[in-house]
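Here the structure comes first, spelled out in C-alpha cells, and everything after it is commentary.
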Amino acid sequence: QVQLTESGGRSEQPGNSLTLSCRVSGQPWNMAWFRQAPGKEREFVAAIWKGGMTFYGDSVKGRFTISRDNDENKTSLQISGLLPEDTGHYYCAASRAPLPPSSTRDWTKYVYWGQGTQITVSS
C-alpha cells in the first residue's frame, strides 16, 4: 500500500515562488501532480517516472519543475512565477505500475492519492 502526504501549499502573491513536497510510503512507479480549482476539472500538472523522465502540462511548462528523490521517498514540485490561475488544490498521485506516455496525463490511471494541499495566488 502506498500512502502520499503533501505539504507546502499556502497563499502567495503573483510572481512569487513556492515548493510543494509529497512524502511517499512504499515504492510507486510514476508519480504526478494534479490540481483542481473550484468548479473546474482536475488538471494534469506534471509527472515523473521512476527513471526520471518528466512530463508537464502545457499551462505550467517553463514555470514548474518536478523532481523525485527515490532514496528519501519524496517528490517535489517547484513553482516559480505564480499566476492567479495557479490557484487550486494540488494533489500528489502515484501509479501502481509503469504507465505508457499516452496515459501519463490521465488522472484515472493513478490509484494512489494524497489529500492535497491548497495554493492561493492573489494580490
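The table for this structure:
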read-out	value
Phi-based couplings in Hz for the stretch 71-86 (Karplus 6.51, -1.76, 1.60; Gly and Pro marked x)	6, 8, 6, 8, 10, 10, 10, 8, 10, 10, x, 3, 10, x, 6, 7
Ser17, Ser102, reordered so the largest accessible area comes first (probe 1.4 Å)	Ser102, Ser17
Listed residues Glu72, Glu43, Glu12, most fluctuating in the chain (Gaussian network, C-alpha, under 10 Å)	Glu72
For Leu83, residues with placed amide H under 5 Å, excluding near neighbours	Gly15
Computed accessible area, Ile79, all protein chains, 1.4 angstrom probe, square angstrom	0
Label-to-label distance, nm, for residues given as Asp106 and Leu83 (7 Å Cα→Cβ offset)	2.7
Accessible carbon and sulfur surface of the chain relative to its total accessible area, %, 1.4 Å	46
Inter-centroid distance (Cα atoms) of the stretch 36-58 relative to the stretch 73-91, Å	10
Global geometry of the chain, whether rounded, prolate or oblate, following the gyration tensor of its Cα atoms and the 1.5 cut on a/c	prolate
Probe 1.4 Å, protein heavy atoms only - accessible area per residue of the stretch 1-119 in square angstrom	51
The chain - charge dipole about Cα centre, Lys and Arg +1 at Cβ, Asp and Glu -1, debye rounded to 20	220
Among Gln13, Ser80, Ala93 - extreme Cα towards positive end, dipole of the chain, charges at beta-carbon	Ala93
Area of Val111 that stays accessible when all protein chains are in place (1.4 Å probe, Å², to 10)	70
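The values are calculated or read from the model by the stated rules, or taken from the named source; none is laboratory data. Everything quoted here is computed from the prediction, not taken from an experiment. Note that each Cβ is placed from the backbone with ideal geometry, even for glycine, and that neighbours are counted across all protein chains shown. Accessible surface areas use protein heavy atoms only, side chains included; no ligands, DNA or RNA. Shrake-Rupley method; radii C 1.70, N 1.55, O 1.52, S 1.80 Å.
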